[in-house]
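**Student:** Quick one: structure below, then a few questions.
We did not get these values from a lab; they are worked out from the coordinates using the rules stated. A quick note: this is a predicted structure, and the numbers were derived from the prediction, not measured. So basically every Cβ, Gly included, is an ideal-geometry build from the backbone, and we count neighbours across all protein chains shown.
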Amino acid sequence: MATSQPTPRVVLDTNVVVAAIRSRNPNSPTLEILRRWALQEFVLLYSDDLFAEYSRKLGERAATSELRERFLARVLRRAERVNVRDEQLRRVTIDRDDDVVVACAVVGKATHLVTYDPHIRVLGPRYKGIAILDSLEFLHALRGEAT
């Protein structure tokens with residue numbers, strides 16, 4: 001009998017969420033990530049600071065306020081909140097907003113951090129055991145495809 005893999009624990013950087021919400025392409029990798037989350041193929045992790053960043057950036061860049069509100073409500077209902085204390089927030093990138101994303105992943109014991117941000121990607125393909133991938137790389141991993 002084959003053993004099943006544990007459910008991935010994932011942090012989506014704000015740039016990935018914004019790309020998904022703004023996408024007009026139904027085959028967009030970022031939209032597929034949100035669809036797969038809705039199908040519970042992975043656990044989405046968020047912290048209060050990351051949620052605030054989602055809200056702020058989607059307010060500035062979302063296609064409509066309805067899409068923004070629907071996504072944020074879904075996060076509150078379905079995602080796992082990670083309690084990141086101030087002393088757990090470390091300076092590891094040149095941007096504090098990026099440090100919030102990384103801290104959520106570390107404290108939440110994420111398996112994957114999905115981002116397009118070069119300030120996070122510079123940490124390497126893995127940081128503290130967390131795979132740092134862009135959306136297409138993450139989809140390949142989620143589908144079990146070799147890249």
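**Student:** Filter segment 1-27 down to residues that are of a type in the set (S, T, N, Q) and buried (at least 17 other Cβ atoms within 10 Å of the Cβ) and give me whichever is farthest from Ala73 (Cα to Cα).
**Tutor:** Here the answer is Asn15.
**Student:** Next question. Condition first: of a type in the set (A, V, I, L, M), farther than 14 Å from Asp13 by Cα and surrounded by fewer than 17 Cβ atoms within 10 Å (Cβ to Cβ). Now tell me which residues in segment 51-69 satisfy that.
**Tutor:** Result: Ala63, Leu67.
**Student:** While we're looking at this one, here's another question. Criterion first (without any contact (Cβ under 8 Å) to a residue 12 or more places away in the chain and assigned to a helix (DSSP H, G or I)) does Glu66 satisfy it?
**Tutor:** yes
**Student:** If you scan segment 39-55, which residues turn out to be without any contact (Cβ under 8 Å) to a residue 40 or more places away in the chain and over 22 Å from Arg90 (Cα atoms)?
**Tutor:** Leu39, Gln40, Val43, Ser55
**Student:** Considering only segment 100-133, state which residues are surrounded by fewer than 18 Cβ atoms within 10 Å (Cβ to Cβ), in contact (Cβ under 8 Å) with a residue 60 or more places away in the chain, out of contact with any Lys or Arg (no Cβ under 7 Å at 6 or more places or on another chain) and in a loop (DSSP other than H, G, I, E, B).
**Tutor:** Within segment 100-133, Tyr116 is the sole residue that qualifies.
**Student:** Could you say whether any residue in segment 70-80 is surrounded by 17 or more Cβ atoms within 10 Å (Cβ to Cβ), aliphatic (A, V, I, L, M) and in contact with a strand residue (DSSP E or B) (Cβ under 8 Å, 6 or more places away or on another chain)?
**Tutor:** yes
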